[in-house]
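Inspection log for the structure reproduced underneath, given as structure tokens.
The values are calculated or read from the model by the stated rules, or taken from the named source; none is laboratory data. Since we're looking at a predicted model, the values are computed, not measured. Because the Cβ atoms are built from the backbone with ideal geometry, glycine has one as well, and the counts that use them run over all protein chains shown. These area figures cover heavy atoms from the full protein model, side chains too; ligands, DNA and RNA do not enter into them. Shrake-Rupley method; radii C 1.70, N 1.55, O 1.52, S 1.80 Å.
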Amino acid sequence: GENVGLHLPTLSVQEGDNSIINCAYSNSASDYFIWYKQESGKGPQFIIDIRSNMDKRQGQRVTVLLNKTVKHLSLQIAATQPGDSAVYFCAENTWDTDKLIFGTGTRLQVFP
Amino acid sequence: DAGVTQSPTHLIKTRGQQVTLRCSPKSGHDTVSWYQQALGQGPQFIFQYYEEEERQRGNFPDRFSGHQFPNYSSELNVNALLLGDSALYLCASSLAGGGRITGELFFGEGSRLTVL
């Protein structure tokens, strides 16, 4: 399979605990943000998104928080499971472009 | 319903050669974007195709070119390959209809290119 993120920051959590993955974005004009999960050998998979007119958005077991003042985004995963092990990327987008700008990623390791 | 499919999954080329990668978007999608993902990094936007035209381009040289066909499938061509072109090339499709992207950007599994 594909080795994604050999030298990425790593977050290790115990199964059942909550995980928090952080991301600093670069462009103050960005108004749309997405979190992706990438498992080894696979393409990025959409998790959750948020627009800049919101501070928080919740999905199933996941919550995204947006702090525009400090250009910070976080992904919270509740009751982390072994299947959550992957590399997580945040991505930003501005209203005048179709491209996503991805962060460097964080590897999440879940141990029993 | 098939998702985004890419071919080939793996290929090896030598410097100076040319490569063509192919992508079929998710059924019902009309827009295809290509990204390059170097090992240990996030994907980087190459370009996007809509209505058979390149609509937007990232910071990639002209050696990178593409095409979109009437059935919305797309090709990525890279000429005069360099060692630094070794990466995972990802295709993503969406139903943009000319508008900006939404969260419904579906990625394929990628084509792993190794340049020797």
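For this structure, a couple of remarks:
- Contour minus Cα-Cα distance for B:E54 and B:A38 (0.36 nm per residue): 3.5 nm
- Between B:L95 and B:F69, full extension at 0.36 nm per residue minus the direct alpha carbon distance yields a gain of 7.8 nm.
- In the stretch A:17-105, Cα pairs under 8 Å separated by at least six residues give a relative contact order of 37 percent.
- Cβ-Cβ FRET estimate between B:R15 and A:M54, R0 fixed at 45 Å, reported to 0.05: 0.40
- Debye-formula intensities of the stretch B:1-80, expressed as log10 I(q)/I(0) at q = 0.11, 0.14, 0.21, 0.24 Å⁻¹, are -0.29, -0.48, -1.06, -1.30 (one equal scatterer per alpha-carbon, no solvent).
- Accessible surface, the protein assembly as shown, averaged per residue in Å² (probe 1.4 Å): 47 Å²
- Spacing of the modelled spin labels on B:D62 and A:Q45, each 7 Å from Cα toward Cβ, amounts to 4.2 nm.
- Net charge over other residues, Cβ less than 9 angstrom from the Cβ of B:L81 (K, R count +1; D, E count -1): +2
- Note on exposure: B:E109, B:E53 ranked by accessible area (1.4 Å probe, complete protein assembly) read B:E53, B:E109, with the most exposed listed first.
- Dipole magnitude for chain B: computed about the Cα centre from +1 point charges on Lys and Arg Cβ and -1 point charges on Asp and Glu Cβ, it is near 400 debye.
- Chain A and chain B together bury an accessible surface of about 2100 square angstrom, both sides counted, with a 1.4 Å probe and no ligands or nucleic acids included.
- The accessible surface of the protein assembly as shown, taken with every protein chain in place and a 1.4 Å probe, is 48 percent carbon and sulfur.
- Alpha-carbon gyration tensor eigenvalues x 5, square-rooted, for the protein assembly as shown, Å: 29, 21, 16
- Counting only aspartates and glutamates at least 8 places from A:K42 when in the same chain, those with an alpha carbon closer than 15 Å to its own are A:E2, A:D84, B:E109.
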